[in-house]
Amino acid sequence: MQKGGWVVAAIALLVRLIHWWSVRRSDPLYAYTLPETDMHTYWEWAKAIAQGDWLSRKQGVFYYGPLYPYWLAPWFKLFGPNYDLVHLMQVAVGVLAPLAIWDLTRRLFSWREALVAGLLLAVAAPILFYEQLLLMEGLLVAIHAGFLWCCVRALGR
């Protein structure tokens, strides 16, 4: 990875760790999900999957997209339902999107544009906000950035 990628990764990680620490210290709902909320539904669904309900019989028809609980379930199986672990995993996944955007922009344009694009995504407040909620939006941003990165790579750039 080139120097710009390390800068983007370091800034993205630092900003996300600071934001995580702030949320952990000041949000009374950090380690709690309110019943009847999307976060609670995903959390309970992931626990059920981790306990063996891989076909989501308890959940029934998918009202929500199943990607997030199926992504959480193996971690719950390995480490148990742990709020700190999930929040830190979201920090790690959150670093991937700015890196992907940095690299694809570098391939399409130049290192200057790549650095700007990667850093803008690394410090984007709405993305930081959603990455620390127990929702699939943070994961989807990383998946979409990864998809765009793969498309650029497939074009031979």
query: If we scan region 52-67, do we find a residue that is assigned to a loop (DSSP other than H, G, I, E, B), exposed (fewer than 12 other Cβ atoms within 10 Å of the Cβ) and among the acidic types (Asp, Glu)?
result: no
task: Name the one entry in Leu85, Leu55 that is closer than 24 Å to His144 by Cα and without any contact (Cβ under 8 Å) to a residue 40 or more places away in the chain.
output: Leu85
- request: Name, by its number, the condition in (1) under 16 Å from Met89 (Cβ atoms); (2) touching a residue at least 40 places away in the same chain (Cβ under 8 Å) that does not hold for Tyr70.
  value: (2)
statement: Picked from region 1-44 (must be free of Cβ contacts under 8 Å to residues at least 60 places away in the same chain, under 18 Å from the mean Cα position of the chain (by Cα) and not in a loop (DSSP other than H, G, I, E, B)), the residue surrounded by the most Cβ atoms within 10 Å (Cβ to Cβ) is Thr41
message: Being farther than 19 Å from Gln2 by Cα and out of contact with any Pro (no Cβ under 9 Å at 6 or more places or on another chain): is that true of Leu155 here?
response: yes
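Conditions tested, residue by residue: (1) of a type in the set (Gly, Ala, Ser); (2) within 15 Å of the chain's Cα centre (by Cα); (3) at pLDDT 95 or above.
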{"site": "Ile49", "(1), (2), (3)": "no, no, no"}
{"site": "Ser56", "(1), (2), (3)": "yes, no, no"}
{"site": "Val61", "(1), (2), (3)": "no, no, no"}
{"site": "Pro74", "(1), (2), (3)": "no, no, yes"}
{"site": "Ala114", "(1), (2), (3)": "yes, no, yes"}
{"site": "Ala117", "(1), (2), (3)": "yes, no, yes"}
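The values are calculated or read from the model by the stated rules, or taken from the named source; none is laboratory data. Remember, it's a predicted structure, so these values are computed and weren't measured experimentally. Positions of Cβ are backbone-derived with ideal geometry, glycine not excepted, and every protein chain shown enters the neighbour counts.
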